[in-house]
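These notes are about the structure you will find just below.
The values are calculated or read from the model by the stated rules, or taken from the named source; none is laboratory data. Note that the structure is predicted; figures quoted are calculated from it, not measured. Reconstructed Cβ throughout: ideal geometry from the backbone, glycine too, with neighbour counts over all protein chains shown. Quick note on the areas: whole protein, heavy atoms, side chains included, nothing else; ligands and nucleic acids left out. Shrake-Rupley method; radii C 1.70, N 1.55, O 1.52, S 1.80 Å.
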Amino acid sequence: MSTQLPVDDVQAGPDDDERAENRKLPVLALLALATAVFVTCLTETLPAGVLPAMSADLGVGESAMGQSVTIYAIGTALTAIPLTVATAAWRRKRLLLTATAAFAVANTVTALSADYTLTMAARFVAGVAAGLAWALLAGYARRLAPVPLQGKAIAIVMTGIPVALSLGVPAGTFLGKEFGWGVAFLVMSALALIVIGWITATVPDHPGQRPEGRTRVLAALSVPGVTPVLFVTLVFVLAHTILYAYIATFLDHLGMGRSTDLVLLVFGIASMLSIWIVGAQIHHRLRALTIGSSLLVAVAAAGLGLLSGSHPPVYLAAALWGLGWGGVPTLLQTAVGGAGGEQADAAQAMLVTLWNVAMAAGGMIGGVLLGVLGAGSFPWSVLLLMVPVLAVVVAARKHGFPLRRG
């Protein structure tokens, strides 16, 4: 039995395109979706900034608390494809509101829980909601826009990712430090409720998909170029997560625990700059940008490993890390879409799943490294993993990360 995912049927002739070019994007609706992306991304990454405090309050070690990122990713990885298939017939607005409501409930339980097991259960539910949301949001944005503007619509919605990294995580870390980490999660719940109202008021509804409008997922693996991109996704995200999930712990190891919010702010601002650079150059320079991003992350990891005895170089390394990482989601989604061709939607679904498998593995491997080798091993692990990433990107010059793009 083959696993299938819904595919949006978008057909337009030349006359439709000309008329569509004169239509404006539904900015308020797209911003509502961008805020939903922000909630999804920040819910996922917020524990990284408040990990020591959560660990202390829940009475577990920091490696165990780091699994709150892992269990979230497991929830997404295990359920994204089957739940997307199961809810394919649901109307899109109803499905998005359901996922957003699940974020509100999960973050509220996390904020109020004094029990580690209950907290992990809430994080798993949040991951399940994320699986639904990620499988839905890009396609929803595409359906809200006229065909010639669909790429711009998706770009607007995906700005929620760098904003969450550059502003959300540092702000959440600050709230956690000043008022307690539970307050940060309650703020996330309140924001989810605001997004529910915003979506209800401004986002048009769309029907679900008919069975004949779905495509087989595994068929994408036979398309040249898809496998290299998926490999790069798996290993690159794994490398990033090992360090990012335990960044507060790593900075504590350096004697910079009180500067976690500032380091994350530097990382986030650099990520925003990276998004802008990638957005401006990606059409003609996807391969060069991917190689450059990989090199920057590798250099940043080496810097953290070699120069972490002095605090100023840590900020420089965080900036290089952000410059390398910020555009990676856009680069990899564009690469797998271009490689996938007619199987692009299936390839994207596999990328989302592998992304979260890598995040889950990063949380677990990071916890093992912390217990066995200590926090100082994180940068060197990242550097080691970036070697095969660079090798595959360089080798995939014909398909996956081609020298020339049409």
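Things to note:
- Taken over segment 347-406, the criterion of being farther than 29 Å from L304 by Cα, open to solvent by 20 Å² or more (accessible area, probe 1.4 Å), touching a residue at least 40 places away in the same chain (Cβ under 8 Å) and not β-branched (V, I, T) is satisfied by Q348, M350, R397, K398, H399, P402, L403, R405.
- Look at (1) closer than 23 Å to L193 by Cα; (2) part of a helix (DSSP H, G or I); (3) open to solvent by 10 Å² or more (accessible area, probe 1.4 Å); (4) not small (G, A, S) and you find that W90 fails only one, number (2).
- Residue among A101, A80, A111 that is surrounded by fewer than 17 Cβ atoms within 10 Å (Cβ to Cβ) and assigned to a helix (DSSP H, G or I): A101
- Residue match in segment 309-320 (condition: at pLDDT below 80 and in a loop (DSSP other than H, G, I, E, B)): yes
- Residue in segment 44-60 that is touching a Leu at 6+ places or on another chain (Cβ under 8 Å), without any contact (Cβ under 8 Å) to a residue 60 or more places away in the chain, buried (at least 22 other Cβ atoms within 10 Å of the Cβ) and part of a helix (DSSP H, G or I) present: no
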